[in-house]
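*Asks:* Have a look at this one before I ask anything.
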Amino acid sequence: MVHRVERPTSDGLSTWPNAGVTLARMIRRLCEECRIHTSELESIGVSCGGPLRSAEGTILSPPNLPGWKDVPIKAFLADQFGVSRIYVDNDANATAVAELRWGAGKGTNSLAYLTCGTGIGAGIILDGRIYRGKNDLAGEIGHAVVIPDGPLCVCGKRGCLESLASGSSIGRMGAAAYGKSEMTGKAVIELAHTGDPAAVEIVLSAAYYLGIGISNLLHTLDIELIILGSLAVYAGERYMDKVQSTVVENTWKSILENTRIVPSGLGYRTQDLAALAMALPMED
Ligand SMILES: [Zn+2]
């Protein structure tokens with residue numbers, strides 16, 4: 001990576017088509033600062049929260065971008081820059097590819113990258129290729145039910161993995177435990193780091209359910225490597241130990257042979273590398 005520009009969503013990117021104008025301006029600035037002409041661009045990679053249609057290059061209605069709906073990002077960028085090679089994928093898939101090439105997944109050919117942030121989703125690589133499923137919805141393991149009739153999930157179902165193990169669910173449980181109207185997952189994890197017993201219990205409970213989700217994924221796919229995103233990196237050793245021990249308790253030994261569960265290896269560059277991984281397709 002030689003250069004980057006960054007901008008908060010609130011700054012001209014929260015609604016489409018305004019966001020398109022801002023994005024195009026950002027790409028022009030990036031080229032200018034790198035002293036290349038936009039006509040020299042060979043390909044563009046887009047990594048974005050789903051749901052989206054990757055082949056068509058349309059972003060449907062990402063929960064974190066409420067002002068974006070059915071955005072034809074691929075057609076828009078092709079029109080703006082005359083580039084034919086534009087690749088669009090959801091951030092879980094794009095990050096899985098980046099981890100495979102440059103991060104914790106180097107040297108393997110089957111892995112799942114779990115986003116573990118606000119929500120939980122998996123990017124799945126099987127035999128060196130992204131597995132997208134028929135509707136681009138493979139890897140929505142955050143919405144697999146782990147407690148029937150459990151807590152209400154943002155998707156409307158009950159007891160989804162995401163409602164028990166995501167950063168937002170940790171925040172929600174923390175707010176309930178401390179009698180606050182709102183708390184972030186990060187704040188609860190920070191309290192857990194100080195040894196606060198209620199916070200530790202919440203974080204370990206999230207780790208437990210994530211372990212159950214991972215065990216189910218391993219029983220389904222028998223893959224070599226599970227890479228955990230932001231929450232695992234931030235929550236540290238105690239969290240990872242609980243995830244590992246839960247997976248070991250709930251997974252066949254024969255499946256666990258040659259399986260590793262590790263935190264993300266790309267650190268703060270993850271999102272940049274995810275988009276770059278899209279711009280350089282694996283077939284190349
Ligand atoms: Zn759900």
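Coordinate-derived values only; no laboratory data. Please read these numbers as outputs of a predicted model, since none were measured by experiment. Here Cβ is always computed from backbone atoms with ideal geometry, including for glycine, and neighbour counts include all displayed protein chains.
*Asks:* Let me spell out the model: positive unit charges on the Cβ of Lys and Arg, negative unit charges on the Cβ of Asp and Glu, origin at the Cα centre of the chain. What dipole size does that give, in debye rounded to 20?
*Replies:* Charge dipole, the chain, about its Cα centre: 300 debye, nearest 20.
*Asks:* Another question, if that's okay. Let me check against my output: what whole-number percent is the relative contact order of region 105-205, with C-alpha pairs under 8 Å and at least 6 apart?
*Replies:* Relative CO of region 105-205 lands at 17 percent.
*Asks:* Hey, another quick one. Sorted from largest down, give the three principal axis spans of the alpha carbons of region 151-209, whole angstrom values.
*Replies:* The Cα atoms of region 151-209 stretch 34, 25, 14 Å along the principal axes, largest first.
*Asks:* Quick check on region 205-278: take the gyration tensor over C-alpha atoms, sort the square-rooted eigenvalues as a ≥ b ≥ c, and tell me if it's rounded (a/c under 1.5), prolate or oblate.
*Replies:* In terms of gyration-tensor shape, oblate.
*Asks:* List the lysines whose Cα lies under 19 Å from the Cα of residue 180, skipping any in the same chain that are fewer than 8 positions away.
*Replies:* none
*Asks:* Continuing with this model, one more query. Taking the Cα atoms only, what angle lies between the long axis of helix 230-250 and the longest principal axis of the chain, rounded to 10 degrees?
*Replies:* Orientation of helix 230-250: about 50 degrees from the principal axis.
*Asks:* Against the longest principal axis of the chain, how steep is helix 197-221, in degrees 0 to 90 to the nearest 10, with axes from Cα atoms?
*Replies:* Once rounded, the angle reads 70 degrees.
*Asks:* I would also like to ask the following. Suppose only helical runs count, i.e. DSSP H with n ≥ 4. What mean residue ellipticity at 222 nm does that imply for the chain under -39500 (n - 2.57) per run, divided by all residues and rounded to the nearest 500 deg cm²/dmol?
*Replies:* When only DSSP H runs of four or more count, the value is -13500 deg cm²/dmol.
*Asks:* Taking the mean number of other Cβ atoms within 10 Å as a proxy for protection, how do you rank 275-281, 110-116, 181-187 from highest to lowest?
*Replies:* Packing proxy ranking, top to bottom: 110-116, 275-281, 181-187.
*Asks:* Could you point to the residue in 81, 248, 117 farthest towards the positive end of the chain's charge dipole, with +1 and -1 charges on the Cβ of Lys/Arg and Asp/Glu respectively?
*Replies:* About the Cα centre, the residue reaching furthest to the positive side is 81.
*Asks:* While we're looking at this one, here's another question. Can you give me the P(r) profile for region 132-284? Cα pairs, bins 5 angstrom wide beginning at 0, each as a whole percent.
*Replies:* 2, 9, 16, 19, 20, 17, 11, 5, 2, 0, 0
*Asks:* On a 0 to 90 degree scale, rounded to 10, what angle separates helix 270-279 from the longest Cα axis of the chain?
*Replies:* Taking the Cα atoms of the chain, the angle to 270-279 is about 50 degrees.
*Asks:* Rounded, prolate or oblate: which fits region 1-126, taking a ≥ b ≥ c as square roots of the Cα gyration tensor eigenvalues, rounded meaning a/c under 1.5, else prolate when a/b beats b/c?
*Replies:* oblate
*Asks:* Here is a follow-up. If one computes the Cα centroid of region 130-209 and of region 230-272, what distance in Å separates the two points?
*Replies:* About 16 Å separates the Cα centre of region 130-209 from the one of region 230-272.
*Asks:* A further question follows. Distance check, please: which entries in 134/157; 134/253; 69/242; 186/242; 69/134 exceed 28 angstrom between their Cα atoms?
*Replies:* From 134/157; 134/253; 69/242; 186/242; 69/134, over 28 Å: 134/253; 69/242.
*Asks:* Work out the charge dipole of the chain with +1 on the Cβ of Lys and Arg and -1 on the Cβ of Asp and Glu about the Cα centre, then indicate which of 166, 54, 12 is farthest towards its positive end.
*Replies:* Positive-end residue among those listed: 12.
*Asks:* Sticking with this one: Within the P(r) computed for region 4-53, what percentage of the Cα pairs occupies the region above 16 Å?
*Replies:* Of all Cα-Cα distances in region 4-53, 48 percent exceed 16 Å.
*Asks:* What are the semi-axes of the equivalent ellipsoid for the chain, taken as the square roots of 5 times the Cα gyration tensor eigenvalues, largest first, in whole Å?
*Replies:* Its equivalent ellipsoid spans semi-axes of 33, 22, 17 Å.
*Asks:* Another one. Stokes-Einstein at 37 °C, 0.692 mPa s, Kirkwood radius from Cα pairs: D for region 116-171 in µm² s⁻¹?
*Replies:* Reported coefficient: 277 µm²/s.
*Asks:* Here's another thing I want to ask about it. Starting at 0 and stepping by 5 Å, how many percent of the alpha carbon pairs of region 56-198 end up in each bin?
*Replies:* Values per bin, smallest distances first: 2, 9, 13, 15, 17, 16, 13, 8, 5, 2, 1, 0.
*Asks:* Rounded, prolate or oblate for region 63-133? Axes are the square roots of the Cα gyration tensor eigenvalues, ordered a ≥ b ≥ c, and the cut-off for rounded is a/c under 1.5.
*Replies:* oblate
*Asks:* Further question: Taking the highest mean first, how do the peptides 221-229, 93-101 order by number of other beta carbon atoms within 10 angstrom per residue?
*Replies:* 93-101, 221-229
*Asks:* Please sort 28-38, 234-244 by packing, taking for each peptide the average over its residues of neighbouring beta carbons within 10 angstrom, highest first.
*Replies:* My ranking of the peptides, most packed first, is 234-244, 28-38.
*Asks:* Follow-up question, since we're still on this one. Among the DSSP beta bridges whose two residues both lie in the chain, what percent are antiparallel, rounded to the nearest 5?
*Replies:* Of the beta bridges lying entirely in the chain, close to 40 percent run antiparallel.
*Asks:* From Cα pairs below 8 angstrom and at least 6 apart in sequence, can you work out the relative contact order of the chain, rounded to a whole percent?
*Replies:* 18
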